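What follows is a short report on a single structure.
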Amino acid sequence: MEIIKANSTSELIRYTSASKPFLDKLKQIGEGIPVFNHITTAAQPYVCSLIAEKFFRQSDRRLWILTDNLNTQELLTEGIELWYEEPLFFPDIESASSNSSLPDQERHAERMSVLKTLESFETIKDIIIILEKSLNEEVSSPESINSNKIKIEKGQKIEMNYLVNQFVSIGYEKDSIVTERGQFSIRGGIIDVFPIQSLNPYRIEFFGDEVDSIRIFEVDSQTSIRIVDSFQVLSGIEDNNKCKLKDYINDDDLILKVGSNDGNYSVIITNEPDDSDTEEDFSTACFESPFGSFDAGEFILQQARFQNFKKTLSEWHQKKWKAFIFFKNEGELERFNELANDLDVLPVSGYLETGIGSISHGFIIPSSKLAILSSSEIFGRYESIRSRRKIFNREKRDLNRRRADDFKELNLGDRVVHMDQGIGIFRGLLEIETDGEKPQEVLVIEYEDEAKLYVPLEQAHLVSRYIGSGNKAPPIDRLGGKRWISRKAKVEKSIMDYASQLIKTHAERNTFKSYKHLPDTKWQLEFENSFPYRETTDQITAINQTKTDMENDQPMDRLICGDVGFGKTEIAIRAIFKSVMSDKQVALLCPTTVLAQQHYDTLKSRLSEYPINVELLSRFKTQKEQKETIKGIRNGSTDIVVGTHRLVSKDVKFKNIGLAIIDEEQRFGVKHKERFKEMFHLIDVLTLSATPIPRTLYLSLMGVKDMSTIDTPPPGRSAVETSICQYDEDIISNYINRELKRGGQVFFLHNRVKTIKRMKNLLEELAPNANIEIGHGQMEESALEEIMHRFIHKKIDILVCTTIIESGIDIPNANTIIIDRADRFGLADLYQLRGRVGRSGRKAYALLMLPNSLISTGDARKRINAIKQYTELGSGFKIAMRDLEIRGAGNLLGTQQSGHISAVGFELYCKLLKQSVERMNGNVNSGRAECSINLDFIITNEAEYYQNNKRSLPAFIPASYLDETKIRIAAYRQISELSTIKELKALKQEWHDRFGKAPDAIKNLFLCTELKIRASSKLIHSVIIEDSKLMMKRNNEFILIEGKFPRIHAKSKEERLKKAVDLLKKF
């Protein structure tokens, strides 16, 4: 079979254009109004591409494609990129917005990005896809975009202060670190700026008054990713110089309408019949694939479909049709080739041309004798269109931002933990006057009886934000008191016991022998390649770790942790397939019937091309069906069984089980967990948890608990557009109608059971044609599960529910969530609730409704700042993620350890746990460099350095290098956490990129850090230099060479420091 590439389909486009009916109609473009009737939805992007190809051969103007609704707009964007080239997607102004709701920053940025492209005459032959109603929207005029933009080029002569003033004049705000559009920051000779229309921010490095380099950098890592020669910054101020979007259309542009046949446009594409009195025109008709749609079924049913497929191909071949089939990936193509050869599908060798590319459904064009099919018609897997508009995907940016500086989110009055003094209250940053020319900056922590502790910045690593495992604030300690010391000692002992138990359990399990799964087969490779999406790095790591465990002869006990929708199920599915390929049975346990049904449906779909028997054991099955399933488990005819706790009943006996997967183990009862241990003692066990855990805890448990964490969302996952407004029934109605119009479903969250029926009645008035049901925690379990079952299968349009509805369920068709009284939810809850939508590629919406008093006070800027905590834009998002992770930590560690987290704070708990685990494992040399250094010619405090008239060698972070105190604190914390030379080198590069060329004080600080790291690696815990004597201690004893202290002779202080480092290298 010949293979074509979907992104080079010009030959296919030209073939269709050359057929007489299309040729005649395409010639009418520009002379009349050609109407392409009877074009099925799946074929509309293809016909648009035909028209674009013909138009751009003769013109260098723009093609505007108008649609009736968002669904068509997204489908065309995806399809035209496949068949022709990537078009511009112009989002409409939020139809549900009102004066009391806040504009969506991402949407505004995306619109400005398109307008900037349209304003520029450098770009031609663009395809712009918009909603028809957007033509009359007011937008910034080309003149205002052009007049207010700032262009920055490499080599440009411009004063930094002048550029900063320009940014301020167009509405940009100065911040310590750039994380959002419309911000800029200054550090020495570097300016960071995030243009409102850009995907990523830019870093401008100056040499004097000249722009020396321009780099694009990532928000989450704050490090550069690409060098560019120039970029533009558009104004962040709403300009009164407006025009209608249609004013951007030039006379020579082509306007194409897709959908209803109305309006006076250049070309029409519609699925509707001709409404004139003349004979119906089917000359360019495109019809649905003759194979229709079907659910993924049994392997034997697939074979029957192949026979039908073979018959149709034979008929097409006789009539001299061309036939193409597109597969989502190489894996699907390989599997098809295998089945096609086995079942002798092709009428003649090479008849069917195959390609790689994702089309939702196939279609046929009789007049061109052409069939274009998708693999969905063969395998029965229909995915919704996955948005390719990656450009403004904030989800990835926000979910990945794990390295947020604690002090950036540390506010006055917050509880903090000092390693040596205990829990106190952060009272801010203070400058203390000294005898020198520079004051000393300190952190102020208040303890019992208002006692104050002043912590110099260079000791900031000793202080961390207090994060407990409960909502109650802990009592503060007495400065210098014994309470903290005894509490910390008690926690350390308990942690030591816990670590000991973990290590013992881990070691015991490793002494047992279990079945050794076979290495990957050819089918395993094909099956994995048929996964329709690209795996994330975390997924690949987790998959490889799981497979390694399974191929080992020790029983696997691995925990996969990751947020909802991050791809844990795919890891489980691959492990399941591997076990079945090794002739073993697999059990997949779920806490609820609904979740079990969903996993069962997913497995049936993914495994439909293989002779694998999947069964479901749950309440949704009759007694007779349950008996048959249990019989199949016993005799081995059932390969995979998915079920609830019914699976661990005494009557269920497996013939040859090799793998058990437990989803959301923490939701099972104690009895069930004991039964798991009994049943799955010597087989491979994989546990999935949807509550993320903190990375620090993950690192602390390495080596005693086999865990894989998935921190990154899958690529292409749509951002959830979050809007905030006061309660408004018109807005609610608009949100509901928009979602239902595109065939979607709505979650309406009303968290009061008393008034939930009243809310349902109100929604029935607002959406009279919608099927609305209620779901809450006071219903019987079976009734609630029945409601969820119907919602998943699209029998319910709007689900009015409380927070009880489980978040683990994947409902890709529900892409709008409306949350009533959002102010009554914690940030972590809001984050999880919002995560229920946006699980497919469709644009998803979350509407948070707050009382009028919270949203209507003050000017717009104050309002935005006041409610930023409810969106993912501010630091509140990071706190929400951390709260969620602490819940995950509590689930993983158990009640007693959660109490210890409350006692000393989470960060210190993790440090102590890590130390205990390493000590128990005999690894004394790891973690941050714990060696103390005291060099008589070094000063590590800037105020002391100036007080000493600069006579000593400076080794600190100068305020002139990092003038923002919070950033300096974060930098000190970074350098204090280093434990390897490799990490030190990476930090040097990062600081050079972020902050510019290092001054001498920074270079000396790096040398001192290197000295500490190298000494620690040699188990040296103290380094002192007095005059020329180098005094080092190991095990509390001085290290002598030939009975004497080593000597360092050097002409300068800088040379003495370098020689000390060199000596440690050789030591």
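Every read-out reported here was derived from the displayed coordinates using simple, explicitly stated rules and does not represent laboratory data. Quick caveat: nothing in here was measured; it's all calculated off a predicted structure. Heads up, the Cβs are rebuilt from the backbone with ideal geometry, glycines too, and the neighbour counts pull from every protein chain shown.
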| said: If you consider only alpha-carbon coordinates, what radius of gyration and Dmax does region 150-233 have, in Å? | reply: 11.3, 30
| For region 557-580 and region 135-167, distance of Cα centres in Å | 48 Å
| task | Calculate the tail of P(r) for region 308-368: the fraction of all Cα-Cα distances greater than 13 Å, expressed in %. | result | 65 percent
| field | Around Trp321: net Lys/Arg minus Asp/Glu count, Cβ-Cβ under 13 Å | value | +2
| field | Long pairs among Lys621/Lys705; Lys482/Lys988; Lys246/Lys741; Lys914/Lys988; Lys513/Lys650; Lys257/Lys310, criterion Cα-Cα beyond 29 Å | value | Lys621/Lys705; Lys482/Lys988; Lys257/Lys310
| said: Can you list residues from other chains, or at least 5 along the same chain, whose modelled amide H is less than 5 Å from the amide H of Ile39? | reply: Thr270, Asn271, Glu272, Cys286
| query | Which order, highest average first, do 485-492, 124-131, 504-511 follow once you tally other Cβ atoms within 10 Å for each residue and take the mean per peptide? | reply | 124-131, 485-492, 504-511
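What order, most packed first, do the peptides 221-227, 630-636 have when packing is the mean number of other Cβ atoms within 10 Å of each residue?
Peptide ranking by packing, descending: 630-636, 221-227.
Kirkwood hydrodynamic radius for region 512-710: how many Å is it when counted over pairs of different Cα atoms? Please report the intermediate quantities before stating the final value.
Values: mean 1/r = 0.0587 Å⁻¹.
Radius from the Kirkwood sum: 17.0 Å.
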| request: Evaluate the Debye formula for region 932-1066 with equal point scatterers sitting on the alpha carbons, no solvent, and hand back log10 of I(q)/I(0) at q = 0.16, 0.18 Å⁻¹, in q order, two decimals. | output: -0.86, -1.06
| field | When the convex hull of its Cα atoms is projected in every direction, mean area for region 507-562 (nm²) | value | 4.7 nm²
| remark: Computed ³J(HN,Hα) along region 219-234: with the Karplus parameters 6.51/-1.76/1.60, θ = phi - 60°, integer Hz and x for glycine or proline, the list is 5, 5, 8, 6, 10, 5, 10, 7, 8, 10, 8, 6, 7, 10, 10, 8
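With a 10 Å Cβ neighbour count serving as the proxy for reagent exposure, in which order, fewest first, do Asp477, Asp414, Asp557, Asp229 appear?
Asp229, Asp414, Asp557, Asp477
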| task | Using the number of other C-beta atoms within 10 angstrom as an exposure proxy, rank Ile39, Ile540 with the fewest first. | result | Ile540, Ile39
| What's the exposure ranking of Lys244, Lys311, going from fewest to most Cβ atoms within 10 Å? | Lys311, Lys244
| remark: Cα-only Rg/Rh for region 105-259 with Kirkwood Rh rounds to 1.01
| task | Name the lysines eligible as straight-distance cross-link partners of Lys20: C-alpha to C-alpha under 20 Å, and not fewer than 8 places from it in the same chain. | result | Lys54, Lys319, Lys320, Lys322, Lys369
| task | Go through 439-448, 1006-1015 and give me the packing order, highest mean Cβ count within 10 Å leading. | result | 1006-1015, 439-448
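Tally Lys/Arg at +1 and Asp/Glu at -1 over every other residue whose Cβ is under 9 Å from the Cβ of Lys547; what's the total?
Around Lys547, the charge tally is -1.
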| message | Can you tell me, using C-alpha contacts under 8 Å and at least 6 residues apart, the relative contact order of region 730-803 as a whole percent? | response | 42 percent
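If you take every residue apart from Lys1066 with its C-beta less than 12 Å away from the C-beta of Lys1066, what net charge results, scoring Lys and Arg +1 and Asp and Glu -1? It would help to have the intermediate numbers written out before the result.
Numbers: positive: Arg1014, Lys1018, Lys1059, Lys1065; negative: Asp1062.
Value of the local net charge: +3.
Restricting everything to alpha-carbon atoms, can you work out Rg to Rh for region 110-159 with a Kirkwood hydrodynamic radius? Each step should come with its number before you reach the end.
Numbers: Rg = 14.1 Å, Rh = 13.1 Å.
Taking Rh as the inverse mean 1/r over Cα pairs, Rg/Rh reads 1.07.
Determine the relative contact order of region 932-1066: mean sequence separation of Cα pairs under 8 Å and six or more apart, normalised by residue count, in whole percent. Intermediate values should be presented prior to the final figure.
Values: 160 pairs, mean separation 33.9, N = 135.
That works out to 25 percent.
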| query | Any idea what Rg and Dmax come out to for region 749-815 if you just take the C-alpha atoms, in Å? | reply | 11.5, 31
| In whole Å, what is the distance between the alpha-carbon centres of region 997-1058 and region 729-801? | 69 Å
